[in-house]
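Since the structure comes first, as structure tokens, the remarks are kept for the end.
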Amino acid sequence: MSDPEEPSLLLRGRIPLASLIQTLAVAEYLNFRHAANALGMNQSTVSIRIKTLEQDLGVLLFERLPRGVRLTPAGRHFVEQITAGIGQLDHAVKTAGMLARGDHGQLRIGVHALIPDGFLAALLNRYHLLHPGIDVEIAEGTARDMVKKVRAEELDLTFVAGTPDVPDCHSRPVWSEALLAAVPEQHTLVGRESVTWADLVAEHFVVRLGGTGPQVYDHIILRLAGRWNQPAIQRFDVGRGTLMSMVAQDYGVTIASEATSQIPAPGVVFLPILDEPEPITFSAVWLPQNRSPALTNLLNLAKEAGRAARAV
């Protein structure tokens, strides 16, 4: 009995892959001449290859007949096994190519939110249409937590609000959205086309603890602190829907991105902030050593989509 750790005859180069393919052809046609014609080869070449293979194996694969050949029991078993093996090899070659092109595999993405009809949702939908073989996993959380997961290689990339300078990571601005004030529909500001930060200085703000809540909190502080009294901001461990419901019930006002305003929020009115210096930028963050083709394809698609959005 051979040593199970000993390399096979195929791995040792004793059996060329071409010999196996020719064996399958002969087994299909049961005739050396017909098999050779199908392969575009000389009959003698095929016959010699099969005989050499039988000698290397020490097994008779075909019984030679006056008109053609017939598989021996050992030959039938051998053909069944190499048929499966060739199929697995073909699958391995195709899969390797798909992985190299970014058409097969997995992509793990962190997001602050995935809002229907928003830029990010449209981007991921487009990516899925172009690369259906990629299994996309999405995690939602605070920017801080998502960046930590990228640095720990638990995520391939994350999209965060702002233009962060993250140690050891690459980042790229992708898209931007206008910033809006969300107020209850009975608020005195309702009816105006827009508001300013001065109009909001005396308001009680409500923000989330998770998602983009910490960034919203910091943004309000940045806009109001130093110019007016310390703003009143209360943080709640709730989701986006609950926060908007609290605004509708007059717990306070908040600020939200343009995409967030597209989600139905009964009792809430969204007003542009006239003196907001510029739209809120959202960036992609990833590790430079992550050379996944699937990631590269998404980053390229995001760059194209962002350029198209700015041109509108």
Which one is farthest from ALA143 (Cα to Cα) among residues in the range 196-216 that are within 30 Å of the chain's Cα centre (by Cα) and either open to solvent by 40 Å² or more (accessible area, probe 1.4 Å) or in contact (Cβ under 8 Å) with a residue 60 or more places away in the chain (or both)? LEU209
Working only within the range 246-287, note down all residues that are assigned to a loop (DSSP other than H, G, I, E, B) and open to solvent by less than 50 Å² (accessible area, probe 1.4 Å). GLY252, ALA259, ALA265, GLY267, GLU276, LEU287
Out of curiosity, is HIS170 at pLDDT 90 or above, more than 21 Å from SER261 (Cβ to Cβ) and touching a Pro at 6+ places or on another chain (Cβ under 7 Å)? yes
Which numbered condition GLU28 misses (of (1) within 46 Å of the chain's Cα centre (by Cα); (2) closer than 13 Å to ILE82 by Cβ; (3) surrounded by 14 or more Cβ atoms within 10 Å (Cβ to Cβ)): (3)
Please state which of the following conditions GLN234 fails to meet, knowing it meets all the rest: (1) under 34 Å from the mean Cα position of the chain (by Cα); (2) more than 23 Å from SER194 (Cα to Cα). (1)
Checking the structure you have, find out if any residue of the range 258-271 is touching a Leu at 6+ places or on another chain (Cβ under 7 Å) and under 30 Å from ASP168 (Cβ atoms). no
Residue pairs meeting the criteria (Cβ under 7 Å; at least 6 apart or on separate chains; first aromatic (Phe, Trp, Tyr), in the range 233-248; second open to solvent by less than 40 Å² (accessible area, probe 1.4 Å) and assigned to a strand (DSSP E or B)): PHE236/VAL206; PHE236/ARG208
Contact list please: Cβ distance under 9 Å, first residue in the range 150-168 and under 22 Å from ILE134 (Cα atoms) and open to solvent by less than 40 Å² (accessible area, probe 1.4 Å), second residue among the acidic types (Asp, Glu) and assigned to a loop (DSSP other than H, G, I, E, B), pairs at least six apart or on different chains. VAL150/ASP156
Scan of the range 177-189 for residues that are surrounded by fewer than 19 Cβ atoms within 10 Å (Cβ to Cβ) and either over 15 Å from SER261 (Cα atoms) or polar (S, T, N, Q) (or both), ordered by number: GLN186, THR188, LEU189
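The values are calculated or read from the model by the stated rules, or taken from the named source; none is laboratory data. Given the structure is predicted, the values throughout are model-derived calculations rather than measurements. In this analysis, Cβ positions are derived from the backbone assuming ideal geometry, glycine residues included, and neighbour counts consider all displayed protein chains. For the accessible areas, the whole protein counts, side chains as well, though only heavy atoms, and no ligand, DNA or RNA atoms are used. Shrake-Rupley method; radii C 1.70, N 1.55, O 1.52, S 1.80 Å.
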